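Engineer: Can you read through this structure? Questions will come right after.
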Amino acid sequence: PERALRLQEGVLRKGTGSSILSALQDLFSVTWLNRSKVEKQLQVISVLQWVLSFLVLGVACSAILMYTFCTDCWLIAVLYFTWLVFDWNTPKKGGRRSQWVRNWAVWRYFRDYFPIQLVKTHNLLTSRNYIFGYHPHGIMGLGAFCNFSTEATEVSKKFPGIRPYLATLAGNFRMPVLREYLMSGGICPVNRDTIDYLLSKNGSGNAIIIVVGGAAESLSSMPGKNAVTLRNRKGFVKLALRHGADLVPIYSFGENEVYKQVIFEEGSWGRWVQKKFQKYIGFAPCIFHGRGLFSSDTWGLVPYSKPITTVVGEPITIPKLEHPTQQDIDLYHAMYMEALVKLFDQHKTKFGLPETEVLEVN
């Protein structure tokens, strides 16, 4: 009986050990599963916070600041407005880039949600300045922001010694708080004064990223369409010639895939409203949607998780001409268009497009 009892205890111990081991395995598998879900939700939240910042942060902060004037905290609003007056021209001089902000972990979650990738094809000399032409605009230029206003895709390591400045609407820098947020990422106004300063008084190694198609291009953004608004956009070429800044074409595969929008036909009331906004305010309101916050089967503001691959092409060497002629501008503009189409054709099959796909240049 004593021996039988010992054998039984041994079996129980063995069974208990197996049960514990099995429970631990189950625990780790559940932990891994939960961690995966948590990371996915963090990715969704990181993207949503940027989308909301893009859409409403400036207006919301302006309203809060005006309300603060009517409360007991009016002194805070006065101090900020005083600071704003003294700091008004800072965006025109390159802003206040913060490496700490550019390296926030939230941007890595932002990158991994799609995911977004930056592809380098050629080295860039730090002794030169550059104007990058980013195509296409998409709805919000998500690839442009992630690649050049954060370090999520390691732009500083891929292009050592090059300081990227993403240019956006100057009106954004009149919005309290939003302007500080934008400047911390190295974002600047897309106007002549700012570009002249960065290309002539800020040394070398500067790269200004201009989304050439702008609001007009965003109106035709839709999944499955590869089209750019470029044929009559020559101002950036003139600026490059005046400063001797090399032109670099960029094509972002997948930028048009992350949102679906309602396209208004030419001549419709909807397109008329969009063009009026574009003409007088600088941006065109789009009716678009992505997925919901908690489900990809519902509509919402969160973009769809489609890969975005941004390919930086070969620089076009530009001479410095203080007074470029129209003939000079047309010549280098034609060279730029040819280089962009070539870049698209060289890489399109690598990112899921058929060999027959043609880049539409409008």
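The values are calculated or read from the model by the stated rules, or taken from the named source; none is laboratory data. Just so you know, these numbers come straight off a predicted model, no measurement behind them. Heads up, the Cβs are rebuilt from the backbone with ideal geometry, glycines too, and the neighbour counts pull from every protein chain shown. Protein only, heavy atoms only, side chains kept; ligands, DNA and RNA dropped before computing areas. Shrake-Rupley method; radii C 1.70, N 1.55, O 1.52, S 1.80 Å.
Engineer: Per the 1.4 Å probe, what fraction of the accessible area of the chain, in percent, lies on carbon and sulfur atoms?
Structural biologist: Carbon and sulfur together cover 61 percent of it.
Engineer: Taking the solvent-accessible surface of protein heavy atoms with a 1.4 Å probe, what is the per residue accessible area of the chain in Å²?
Structural biologist: Each residue of the chain exposes 53 Å² on average to a 1.4 Å probe.
Engineer: Taking +1 at the Cβ of each Lys and Arg and -1 at the Cβ of each Asp and Glu, which of Tyr109, Val85, Leu65 sits farthest along the dipole of the range 58-123 towards its positive end, judged by Cα position relative to the Cα centre?
Structural biologist: Checked the options; the winner is Tyr109.
Engineer: Mind running the shape call on the range 215-362? Use the C-alpha gyration tensor, a ≥ b ≥ c as the square roots of the eigenvalues: rounded below 1.5 for a/c, prolate if a/b tops b/c, oblate otherwise.
Structural biologist: Judged from the Cα gyration tensor, the range 215-362 comes out oblate (a/c at least 1.5, b/c at or above a/b).
Engineer: Hand me the GluC sites (Glu not before Pro) from the range 222-292 located in a DSSP loop with no more than 14 other Cβ atoms within 10 Å, in residue order please.
Structural biologist: Glu265, Glu266
Engineer: Let me know the charge dipole size of the range 210-362 about its Cα centre in debye, to the nearest 20, where only the beta-carbon of Lys, Arg (+1) and Asp, Glu (-1) is charged.
Structural biologist: Computed charge dipole of the range 210-362: roughly 480 debye.
Engineer: In addition: Out of Cys70, Cys286, Cys146, any idea which swings most in a Gaussian network model of the chain, alpha carbons joined below 10 Å?
Structural biologist: Of the options given, Cys70 has the highest mean-square fluctuation.
Engineer: Please report how far the C-alpha centroid of the range 67-133 lies from that of the range 215-255, rounded to the nearest whole angstrom.
Structural biologist: For the range 67-133 versus the range 215-255, the Cα centre distance is 22 Å.
Engineer: List the relative contact order of the chain as a percent without decimals, with contacts defined as Cα pairs under 8 Å and 6+ residues apart.
Structural biologist: Relative contact order of the chain: 20 percent.
Engineer: Given the options Ala245, Tyr181, Ile208, identify the residue whose Cα lies farthest towards the positive end of the charge dipole of the range 148-304 (+1 on Cβ of Lys, Arg; -1 on Cβ of Asp, Glu).
Structural biologist: Most positive-ward Cα: Ala245.
Engineer: Check each of the trypsin sites (Lys or Arg not before Pro) in the range 255-334 and keep only those in coil by DSSP with at most 11 other C-beta atoms within 10 angstrom; list them in order.
Structural biologist: Lys320
Engineer: In debye to the nearest 20, how big a dipole does the range 205-294 give about its Cα centre with +1 on each Lys and Arg Cβ and -1 on each Asp and Glu Cβ?
Structural biologist: Computed charge dipole of the range 205-294: roughly 320 debye.
Engineer: Oh, and also: To make sure I understand the rule: partners must be lysines, Cα under 28 Å from the Cα of Lys306, and not fewer than 8 residues away in the same chain. Which ones qualify?
Structural biologist: Partners within reach: Lys37, Lys40, Lys120, Lys157, Lys158, Lys225, Lys260, Lys342, Lys348, Lys350.
Engineer: Filter the GluC sites (Glu not before Pro) in the range 149-244 to those in DSSP coil with at most 14 other Cβ atoms within 10 Å of their Cβ, and list the result.
Structural biologist: Those that pass, being in a loop and sparsely packed, are Glu154.
Engineer: Any idea what the dipole of the range 245-301 comes to, in debye rounded to 20, about its Cα centre with Lys/Arg Cβ at +1 and Asp/Glu Cβ at -1?
Structural biologist: 320 debye
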